[in-house]
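S.K.: This is the structure I have questions about; it appears just below.
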Amino acid sequence: MGEPLIKVQILPFEETPQRDLTGLIEELASLGIEATLLPKASVVPPSYNPQRKQHNAEIFLDRVRLAPGHCILGVTNRDLYVEGLNYVFGLADSPGKAAVISLHRLHAGADDMLFRARAVKEAVHELGHTRGLRHCADSRCVMAFSNSLADIDRKGKEFCVRCTHKFRGH
Ligand SMILES: [Zn+2]
Ligand SMILES: [Zn+2]
């Protein structure tokens, strides 16, 4: 593999296990995405919504935007939501420099290999959004919309040909 497709900085939130981060970095590398780890961050103001027992994804994304760099992926173990949705696997500025993914729901029914596959799909999906990519009608493409774990498991880790062109053309 030649030039990395992109370089991304990972901003881990404080409760994210180191081994999950290491796994994600390895998975991204296998797709040509070079990821480096920033020091751990915390979220201020409080992101926790006691009624929902979940964390507001927008507050995490705000924190990611503060990190210096051109392409930052926040990674948290917290269960994230946005208003109007039960939960989100991730959220991104599209286009923009900031994205965040939650690993919280990705462990369900998964061995280590499946968990890693889910995490990298969500990471690549949100990175696609940061480059302005929209959801893709190709159900195998990583930019296919995923509303459930079954949707994530159905799609691949990589962009389809059309999304690859758009991603590289940025
Ligand atoms: Zn999406
Ligand atoms: Zn596509």
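The values are calculated or read from the model by the stated rules, or taken from the named source; none is laboratory data. Computed from a prediction, not measured in an experiment: that's the story for all the values here. Please note: Cβ atoms are built from the backbone with ideal geometry, for glycine as well, and neighbour counts cover all protein chains shown.
S.K.: Mind listing whichever residues of the stretch 135-152 are within 12 Å of ligand 1 (Cβ to nearest atom), part of a loop (DSSP other than H, G, I, E, B) and either touching a residue at least 12 places away in the same chain (Cβ under 8 Å) or buried (at least 21 other Cβ atoms within 10 Å of the Cβ) (or both)?
M.R.: Listed by number, the residues that qualify are Cys136, Cys141, Val142, Met143, Ser146.
S.K.: Find the residue count for the stretch 132-156, including only residues that are in contact with a Lys or Arg (Cβ under 7 Å, 6 or more places away or on another chain) and closer than 17 Å to Val100 by Cα.
M.R.: The number of residues fulfilling the criteria is 4.
S.K.: Could you tell me whether any residue of the stretch 36-45 is touching a strand residue (DSSP E or B) at 6+ places or on another chain (Cβ under 8 Å), exposed (fewer than 12 other Cβ atoms within 10 Å of the Cβ) and part of a strand (DSSP E or B)?
M.R.: Scanning the stretch 36-45, I find at least one residue that is touching a strand residue (DSSP E or B) at 6+ places or on another chain (Cβ under 8 Å), exposed (fewer than 12 other Cβ atoms within 10 Å of the Cβ) and part of a strand (DSSP E or B), so the answer is yes.
S.K.: Looking only at residues in the stretch 91-114 that are more than 16 Å from ligand 1 (Cβ to nearest atom) and in contact (Cβ under 8 Å) with a residue 40 or more places away in the chain, which one is surrounded by the most Cβ atoms within 10 Å (Cβ to Cβ)?
M.R.: Taking the stretch 91-114 first, the residues more than 16 Å from ligand 1 (Cβ to nearest atom) are 97, 103-104, 107-114.
Subsequent filtering for residues that are in contact (Cβ under 8 Å) with a residue 40 or more places away in the chain retains 103, 108-109, 112.
Details: Leu103: 24, Ala108: 10, Gly109: 9, Asp112: 11.
The selected residue is Leu103.
S.K.: Which one of the conditions (1) surrounded by 13 or more Cβ atoms within 10 Å (Cβ to Cβ); (2) without any contact (Cβ under 8 Å) to a residue 40 or more places away in the chain; (3) part of a helix (DSSP H, G or I); (4) charged (D, E, K, R) does Glu27 fail to meet, given that it meets all the rest?
M.R.: The number of the failed condition is (2).
S.K.: Among the residues of the stretch 5-17, is any at pLDDT below 95, touching a helix residue (DSSP H, G or I) at 6+ places or on another chain (Cβ under 9 Å) and closer than 24 Å to Ser94 by Cβ?
M.R.: Yes, the stretch 5-17 has at least one match.
S.K.: How about the stretch 40-72: which of its residues are under 13 Å from Leu91 (Cβ atoms) and among the charged types (D, E, K, R)?
M.R.: Once the filter is applied, which keeps residues that are under 13 Å from Leu91 (Cβ atoms) and among the charged types (D, E, K, R), the stretch 40-72 yields Glu58, Asp62, Arg63, Arg65.
S.K.: So is Gly128 part of a helix (DSSP H, G or I) and within 14 Å of ligand 1 (Cβ to nearest atom) or not?
M.R.: Against the criterion (part of a helix (DSSP H, G or I) and within 14 Å of ligand 1 (Cβ to nearest atom)), Gly128 qualifies.
S.K.: Further question on the same structure: Is it true that some residue in the stretch 161-170 is over 23 Å from Gln9 (Cα atoms) and without any contact (Cβ under 8 Å) to a residue 40 or more places away in the chain? Break it down into steps so the answer makes sense when it comes.
M.R.: Taking the stretch 161-170 first, the residues over 23 Å from Gln9 (Cα atoms) are 161-162.
Checking which are without any contact (Cβ under 8 Å) to a residue 40 or more places away in the chain leaves us with 161-162.
Scanning the stretch 161-170 turns up at least one residue that is over 23 Å from Gln9 (Cα atoms) and without any contact (Cβ under 8 Å) to a residue 40 or more places away in the chain.
S.K.: I would also like to ask the following. Residues being within 14 Å of Gly156 (Cα to Cα) and either assigned to a strand (DSSP E or B) or not hydrophobic (A, V, I, L, M, F, W, C) (or both): count how many of those fall in the stretch 89-125.
M.R.: Number of matching residues: 5.
S.K.: Kindly indicate the residue of the stretch 153-170 that is among the hydrophobic types (A, V, I, L, M, F, W, C) and more than 14 Å from ligand 1 (Cβ to nearest atom) and also farthest from Glu27 (Cα to Cα) among those meeting that condition. Full working, then the answer.
M.R.: First pass over the stretch 153-170, keeping only residues among the hydrophobic types (A, V, I, L, M, F, W, C): 159-161, 163, 167.
Within this subset, residues satisfying the condition of being more than 14 Å from ligand 1 (Cβ to nearest atom) are 160-161.
Working: Cys160: 18, Val161: 20 Å.
So the residue we want is Val161.
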